[in-house]
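The block underneath contains the structure these notes are about, expressed in C-alpha cells.
Since every read-out is calculated from the coordinates, none of them should be taken as a lab result. All figures in this text were calculated on a predicted structure; none of them were measured in a lab. FYI the Cβ positions are ideal-geometry reconstructions off the backbone, even for glycines, and counts take in every protein chain you see.
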Amino acid sequence: MLCPSDEKDLSEAVAAATGPLRIVGGGTRPIGRPVAGEVLSVAGLSGITLYDPGALTLVAQAGTPLAEIEAALAVENQRLAFEPMDHRTLLGTSGTPTIGGVVAANVSGPRRVQVGACRDYLLGVRFVDGVGTVLKNGGRVMKNVTGYDLVKLMAGSWGTLGVLSEVAFKVLPKPDVVNTVVLSGLSDDTAGAAMRAALASPFDVTGAAHDPKPGNEPVTSIRIEGFAKSVAYRTDKLKELLRAYTDDIDTSDDPAGWNVLRNAGPLTGAGDVWRVSAKPTDGPKIAHQVKAKEHYFDWGGGLIWVLVPEGTDVRASLAGLAGHATLVRGSTATRAALPVFHPEPVPLAALSAGLRAKFDPRGILNPGLMG
C-alpha cells in the first residue's frame, strides 16, 4: 500500500506508478466496479489548513476525517449544508469517512432537494493527475472561471480523473430550529402527492421523505429549518396545507430520524441496494416495477432507494420510465458483472472518455471503476 504523507509524496507516488492504482480515503465507500491495482491511500494527507468562520470558508486536506471537519464547524455553529451520507451502516464497512471521499463521490443527503449537492459548495480543489502533475482550480471565494471547471468536474469523478489532495468549501450557519412535520399511514401515492405539495409551497422545505414501513406504519417526514418564529409559522401553515392528505399529522424536533433517512437506514434486509433517480411522480411505480423487497423515497420521491435480491439489475424494470439507477450495495461478484453506474448516452460517454484520456493518459487511476 502506498501511503503518501503530503502532496509532494502523492505526486511522486503517482508519477512512479507502473500499473493501476486503487485510490482510497477512509475505505468506507466500496462502490463501483472492483479495481485491481496497488492501493494508494490519501489518509495521510490530513488536517484543516484554513478555517475562516466569518468568511464561511474552510480548506482541508483530502484525507481529513469528516468528523473532524464537522466538529470544527460545530464550535462556530456552522455546518456542511449538504449533509453528506455516511455509507458505513448500509455497506457494512468500518474506517473513517474523509472529506476527499465525500467530494470524489459527490456525497449529499436529503437537504440537497433545497440547497444543492456537495459540488455546489466546492470553492476550489488541488489534485494530482495521472502522470503526477499537481493541478489546482478555483479558490476560496465563489467566482466564474474559464476553461474546464475542474472544481465541479472532480466532484463525482470517483478518483478517475485525479487524486484529490486539498478541497475548499463554502460552509453555512446552523439553523436555530429544526422541525419535522410527520404524516402517518399514507400510501406511497398519497405520500408522494403530499411531499410534492410541500416542496411546491413557499415554506422552504429542506427535506421530504417517505418510509413505507417503520414499525409497520408508513411515515412521511417533511423538514423545515430556520429562525424559531419563522419555523413555527411555516410549520403551522404546512400542517394546514397537508390536511388535504391526512388528519394524522404531528411534529417532531428530533433530527435523529433524518440521520437514519440520510444513511439509508430504512433498508434493513439482505440483498442489493440500488438508488434510482427519477421523476417524483414515478417513484411509486418504480418501486412496484422493480419488485423491491424494501424501499423508501427521498427528495419528495425523486430518489427511490430499493432493496432487491442479490444480482438483480433493476434497470431492466425501468423500461418506459425516465431516470437512472446506481448500484450502491452489491457483492464483489455482482459489481463485477453488472454496470454499477447507469450507462451514459453515446455522446456523453465519448466526452467522459476524452476527459479521462486528458487527465489520466496512462489509465492508471481507478481504471474501470465507473465503466
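Using Cα pairs under 8 angstrom and six or more residues apart, how large is the relative contact order of the chain, in percent?
Values: 819 pairs, mean separation 69.4, N = 371.
Relative contact order, the chain: 19 percent.
Dipole size in debye (nearest 20) for the stretch 5-119 around its Cα centre, Lys and Arg Cβ +1, Asp and Glu Cβ -1? Don't skip to the end; give the middle numbers.
Values: 9 positive and 11 negative charges, 115 e Å.
Its charge dipole is roughly 560 debye.
Obtain the nm distance between the two label points defined at Val115 and Asp176 by a simple spin-label model: each point lies 7 Å from its Cα along the Cα-to-C-beta direction.
1.8 nm
Per residue of the chain, what 222 nm ellipticity follows from adding -39500 (n - 2.57) for every DSSP H run with n ≥ 4, rounded to the nearest 500? Before the final figure, lay out the partial values.
Details: 12 runs with 101 residues, N = 371.
After summing the helix terms and dividing by the residues of the chain, the value is -7500 deg cm²/dmol.
On a 0 to 90° scale, report how tilted helix 7-16 is relative to the longest principal axis of the chain, with both axes built from alpha carbons and the result rounded to the nearest 10.
60 degrees
Which of Cys118, Cys3 has the fewest other C-beta atoms within 10 Å, and how do the rest follow up to the most? Display every interim value, and only then the final one.
Numbers: Cys118 25, Cys3 15.
Exposure proxy ranking, most exposed first: Cys3, Cys118.
Expressed in nm to one decimal, what extension gain is obtained for the pair His288 and Ala350 from 0.36 nm per residue of sequence separation less their Cα-Cα distance? Present the calculation step by step, with values, prior to reporting the outcome.
Working: separation 62, 0.36 × 62 = 22.32 nm, distance 3.37 nm.
Here the segment from His288 to Ala350 would lengthen by 18.9 nm.
What share of all Cα pairs of the chain, in percent, falls into each consecutive 20 Å distance bin?
In order of increasing distance, the bins hold 28, 57, 15, 0 percent.
Say each of Lys279 and Asp6 gets a label point 7 Å from the Cα, pointing the same way as Cα to Cβ; how far apart are those two points in nm?
If labels sit at Lys279 and Asp6, their model points lie 5.5 nm apart.
Set Lys and Arg Cβ to +1 and Asp and Glu Cβ to -1, take the dipole of the chain about its Cα centre, and tell me which of Pro84, Val219, Leu150 lies farthest positive.
Result: Leu150.
Quick one: 3J(HN,Hα) in Hz for the stretch 105-111, Karplus 6.51/-1.76/1.60 with θ = phi - 60°, rounded, Gly and Pro as x.
Running phi through 6.51 cos²θ - 1.76 cosθ + 1.60 with θ = phi - 60° gives 9, 6, 6, 9, x, x, 6 Hz.
Which percent, nearest 5, of DSSP beta bridges in the stretch 1-130 are antiparallel?
Numbers: 5 of 10 bridges.
Restricted to the stretch 1-130, the bridges split so that about 50 percent are antiparallel.
Under the 0.36 nm per residue contour assumption, what length would be gained going from the current alpha-carbon distance of Asp236 and Glu68 to full extension?
Full extension of this stretch gives 56.8 nm more.
Under the rule of at least 5 residues apart or a separate chain, name every residue whose amide H is placed under 5 Å from the amide H of Lys293.
Answer set, sorted by chain and number: Leu307, Val308.
Given a Förster distance of 30 angstrom, what is the FRET efficiency for Ala16 paired with Ser94, based on the Cβ-Cβ distance and rounded to 0.05?
Working: r = 30 Å, r/R0 = 0.99.
That gives a FRET efficiency of 0.50.
Please list 320-332, 238-250 highest first by mean number of surrounding beta-carbon atoms within 10 Å per residue.
Working: 320-332: 16.2, 238-250: 14.7.
For the peptides 320-332, 238-250, the packing ranking is 320-332, 238-250.
Which residues' amide hydrogens lie under 5 Å from the amide hydrogen of Gln78, considering only partners 5 or more residues apart or on another chain, with H built in the peptide plane?
Lys174
Please list, in order along the stretch 337-347, the HN-Hα scalar couplings obtained from phi with the Karplus expression 6.51 cos²θ - 1.76 cosθ + 1.60 (θ = phi - 60°), rounded to whole Hz, x for Gly and Pro.
So the Karplus estimates, Gly and Pro as x, are 8, 10, x, 6, 9, 4, x, 7, x, 3, x Hz.
Going down the table (Lys170/Lys293; Lys152/Lys285; Lys170/Lys213; Lys152/Lys358; Lys174/Lys213), which pairs top 28 Å between alpha carbons?
Values: Lys170/Lys293 39 Å; Lys152/Lys285 32 Å; Lys170/Lys213 37 Å; Lys152/Lys358 16 Å; Lys174/Lys213 31 Å.
In this structure, Lys170/Lys293; Lys152/Lys285; Lys170/Lys213; Lys174/Lys213 lie more than 28 Å apart at Cα.
Which whole-Hz ³J(HN,Hα) couplings does the stretch 241-253 yield from phi under the Karplus relation 6.51 cos²θ - 1.76 cosθ + 1.60, θ = phi - 60°, glycine and proline marked x?
My calculation for the stretch 241-253 gives 4, 7, 5, 5, 10, 5, 9, 8, 10, 9, 10, 9, 10 Hz in order.
For the peptides 123-133, 14-24, what is the packing order when you average, over each peptide's residues, the other Cβ atoms within 10 Å and list the highest mean first? Present the calculation step by step, with values, prior to reporting the outcome.
Values: 123-133: 20.5, 14-24: 17.5.
The densest-packed peptide leads the list: 123-133, 14-24.
I'd like to know how the stretch 96-202 sits against the 2.2 N^0.38 Å rule of thumb: what's its Cα Rg over that expected value?
Details: Rg = 18.2 Å, N = 107, 2.2 N^0.38 = 13.0 Å.
In units of the 2.2 N^0.38 Å rule of thumb, it is 1.40.
How fast does the stretch 177-262 diffuse by Stokes-Einstein, in µm²/s, taking the Kirkwood radius from C-alpha pairs at 37 °C and 0.692 mPa s? Kindly include the intermediate steps, with their values, before the conclusion.
Working: Rh = 12.7 Å.
D = 259 µm²/s.
Just how large is the dipole of the chain about the Cα centre, in debye to the nearest 20, putting +1 at every Lys and Arg Cβ and -1 at every Asp and Glu Cβ? Let's see the in-between values first.
Details: 36 positive and 37 negative charges, 164 e Å.
Computed about the Cα centre, the dipole is about 780 debye.
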